[in-house]
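Visitor: One structure, as structure tokens, below. Some questions next.
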Amino acid sequence: MRLAAAVLAFTAGGCSLTTEARRDPGTAAVRAPVLERRAAPGGAEFVEGLETRLREADVGAWFDVLVDLSDQVDLVALGAALDHEALTRAERRDRVIEALETVAFAQQSRLKVTLEALREDGELGLVRPVAIVNRLVVEGTAAGILRLAASPEVARIIPEWTSAERARAG
């Protein structure tokens, strides 16, 4: 139920439905319904006052953030499509995982050049891709995160305050 509510909220936020495809050797193309969240004209949405903190941060300050990308699998539509196939529970799970990984890999690959440039400039450190929500876990300078936020692939940037607070507490 929470998933359906989240998808509805996501859809209400200016998303449209498209399809990503990936062809695996020996299998038919897998079609994953995708919700495309359109970025606001000014770029990515910042959560919890993060943009203000980044713009006011000292030059050398580093931040931990979660970077949600614009393409997300429409799990409701995918579930409905899989309902029409005679799949075991394990096959269904594998199809869902494959759809999540396919969409995430495709979009995260499009960001590779940007991410590499930011790392070479010393503005990003750790970049850990996550498939299940098409997200990147990023450690970077305020300037690097702001540059990344300007990418049309980035929908939202969420502060990861808890990990930084735990690290400071030792």
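The values are calculated or read from the model by the stated rules, or taken from the named source; none is laboratory data. Just so it is clear, the model here is predicted, and its values are computed rather than measured. As a convention, Cβ positions derive from the backbone with ideal geometry for all residues, glycine included, and neighbour counts pool all protein chains shown. Surface accessibility is based on the protein's heavy atoms, side chains included, excluding ligands, DNA and RNA. Shrake-Rupley method; radii C 1.70, N 1.55, O 1.52, S 1.80 Å.
Visitor: Any residue that is open to solvent by less than 80 Å² (accessible area, probe 1.4 Å), in a helix (DSSP H, G or I) and acidic (D, E) - is there at least one of those in the stretch 49-61?
Guide: yes
Visitor: If you don't mind, another one. One residue is enough: does the stretch 67-77 have a residue meeting the conditions open to solvent by less than 40 Å² (accessible area, probe 1.4 Å), part of a helix (DSSP H, G or I) and modelled with pLDDT under 95? Break it down into steps so the answer makes sense when it comes.
Guide: If we filter the stretch 67-77 for residues that are open to solvent by less than 40 Å² (accessible area, probe 1.4 Å), which is where we start, we get 67-74, 77.
Retained after the next criterion (residues that are part of a helix (DSSP H, G or I)): 77.
Cutting the leftovers down to modelled with pLDDT under 95 gives us 77.
Yes - at least one qualifying residue is present in the stretch 67-77.
Yes or no, residue by residue, for (1) more than 16 Å from I145 (Cα to Cα); (2) of a type in the set (A, V, I, L, M, F, W, C):
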site	(1), (2)
A32	yes, yes
D58	no, no
R95	yes, no
E101	yes, no
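Visitor: So which residues in the stretch 88-127 are touching a helix residue (DSSP H, G or I) at 6+ places or on another chain (Cβ under 7 Å) and more than 21 Å from D64 (Cβ to Cβ), if there are any at all?
Guide: R92, R95, V96, A99 - these are the residues of the stretch 88-127 that are touching a helix residue (DSSP H, G or I) at 6+ places or on another chain (Cβ under 7 Å) and more than 21 Å from D64 (Cβ to Cβ).
Visitor: Let me ask you something else. For the stretch 124-139, how many residues meet the condition of being in a loop (DSSP other than H, G, I, E, B) and open to solvent by less than 80 Å² (accessible area, probe 1.4 Å)? Let's see the steps before the verdict.
Guide: Start the filter on the stretch 124-139 by keeping residues that are in a loop (DSSP other than H, G, I, E, B), which leaves 131-134.
From what's left, open to solvent by less than 80 Å² (accessible area, probe 1.4 Å): 131, 133-134.
Counting residues in the stretch 124-139 that are in a loop (DSSP other than H, G, I, E, B) and open to solvent by less than 80 Å² (accessible area, probe 1.4 Å) gives 3.
Visitor: Being open to solvent by less than 20 Å² (accessible area, probe 1.4 Å) and not aliphatic (A, V, I, L, M) is the filter; apply it to the stretch 78-105 and report the residue that is nearest to A44 (Cα to Cα).
Guide: Here the residue is T102.
Visitor: Considering only the stretch 111-123, I want to know if a residue exists there that is outside any helix (DSSP H, G or I) and among the hydroxyl-bearing types (S, T, Y). Please lay out each step first, then the result.
Guide: Taking the stretch 111-123 first, the residues outside any helix (DSSP H, G or I) are 111, 121-123.
Now narrow it down to the ones that are among the hydroxyl-bearing types (S, T, Y): none.
No, every residue in the stretch 111-123 fails to be outside any helix (DSSP H, G or I) and among the hydroxyl-bearing types (S, T, Y).
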